[in-house]
Amino acid sequence: MTVCRPTRVSIIGAGNVGSTLAQRIAEKNLADVVLLDVLEGRPQGIALDLMEARGIEQHDREIVGTNNYADTVNSDVVVITAGIPRKPGMSREDLLKINAKIVLDVTRQVVIYSPGTVMIVVTNPLDVMTYLAWQASGLPPAQVMGMAGILDSARFQTFIAMESGLSTADVKATVLGSHGDLMVPLPRYSTVNGVPITELMDAPTIDRLIERTRNGGAEIVELMKTGSAYFAPASAACLMVEAVLLNQSRLLPVAAHLQGEYGLEDIFIGVPCRLGCTGVEEVLQLSLTDAERTALQASARSVRDSINQAQTLLETSPSPIAS
């Protein structure tokens, strides 16, 4: 009798994003889930809680909580959510250094047990962490990507629907660039049932929605006081996992490695990509105006500066980043 190995997704980091993502994946019946965290008991408790909901949610997926990377062996997809949020009084450099060390350590351990995995990075600062994870993993660049463009586009989509009063289902939004203040929402490529929003809204309204999109995460942090967004980020990551596991060839905006596309070299940044079972299977190059291209290049320069800064900060690390 042949025993088929079930599809497996490992999520590194059992915080709000990681635990919500585990729930999404299991309840959509996409894969078995391994939820790993350094805190003893937390991933085990979350996994048991999710397992006890299986009869209600009508699925038979296994959810395992662990502190041991050996339990992630043979993962088809690994999602890295581990890291810390920026705290009051913490400099950007402090956050960059702390999360870079976490991501490097996590990456080096997961690839020992899953050397052929597709890796999705969620930890912030997103574009920089994705680049560092790729370097540390030794994986082909197509098998490493960052989750941001889907989230940023979903926020733009939501704000367009709220402003217009039209169904979110009819709205498609496109956001390129880094996951931060220099992201590049593209009104010309954002539509309501095929009609560009530039035909439906005036320029000041669109500018206001773009600014709200750029501050989408900060707005939620300000409202929550002691936390940050996790439902939408988990949904965005789940969409990427689903596209890979089901080989859907979805055209989605993700932080992908560019090798000349959009005039950018050796950088991870948000662009529309075709996702399938091997990861990023194609980067779609949109026709950009001079202003849009200038904005994307400015976004890329910021990411490059942060990568260089992270590498400088980590020069004293016991396991330096490969050049």
* Asked: If you place +1 on the Cβ of every Lys and Arg and -1 on the Cβ of every Asp and Glu, how big does the dipole about the Cα centre of the chain come out, in debye to the nearest 20?
  -> 220
* Asked: Going by alpha carbons, how many degrees (0 to 90, nearest 10) lie between the helix axis of 42-51 and the longest principal axis of the chain?
  -> 90
* Asked: Which ordering of Phe268, Phe159, Phe231 is given by a fewest-first count of other beta-carbon atoms within 10 Å?
  -> Phe231, Phe159, Phe268
* Starting from the Cα-Cα distance between Ile84 and Leu251, subtract it from 0.36 nm times their residue separation and give me the gain in nm to one decimal. => 57.1 nm
* What do you get for Rg/Rh over segment 149-309 if you use C-alpha atoms and the Kirkwood form of Rh? -> 0.95
* Roughly speaking, what is the stretch gain from Asp181 to Ser167, that is 0.36 nm per residue apart minus the C-alpha to C-alpha distance, in nm to one decimal? -> 2.3 nm
* Neighbourhood net charge (12 Å Cβ-Cβ; Lys/Arg +1, Asp/Glu -1) for Asn67 -> -2
* Structure fact -> Here, segment 3-50 modelled as identical Cα point scatterers in vacuum has Debye log10 I(q)/I(0) at q = 0.26, 0.31 Å⁻¹ of -0.93, -1.21
* Amide H contacts of Ile63 (H built 1.01 Å from N, under 5 Å, at least 5 apart or other chain) -> Val33
* **the chain, relative contact order [Cα under 8 Å, separation at least 6], %** => 16
* Could you grab the Rg to Rh ratio for segment 8-146? Cα atoms only, Kirkwood for Rh. => 0.98
* Asked: Lys pairs in the chain, Cα-Cα under 25 Å, at least 8 apart or on separate chains: how many?
  -> 5
* Report, in whole Å, the centroid distance computed from the Cα atoms of segment 1-51 and segment 169-217. => 34
* **Tensor-based shape of segment 225-277 (alpha-carbon gyration tensor, a/c under 1.5 rounded, otherwise prolate or oblate)** => oblate
* Asked: Can you give the translational diffusion coefficient of the chain in µm²/s, computed by Stokes-Einstein from the Kirkwood radius over Cα pairs at 4 °C and 1.567 mPa s?
  -> 64
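Taken together, the values in this text are just the output of simple stated rules run on the coordinates, not laboratory data. Remember, it's a predicted structure, so these values are computed and weren't measured experimentally. All Cβ positions, glycine included, derive from the backbone under ideal geometry; neighbour counts span all protein chains shown.
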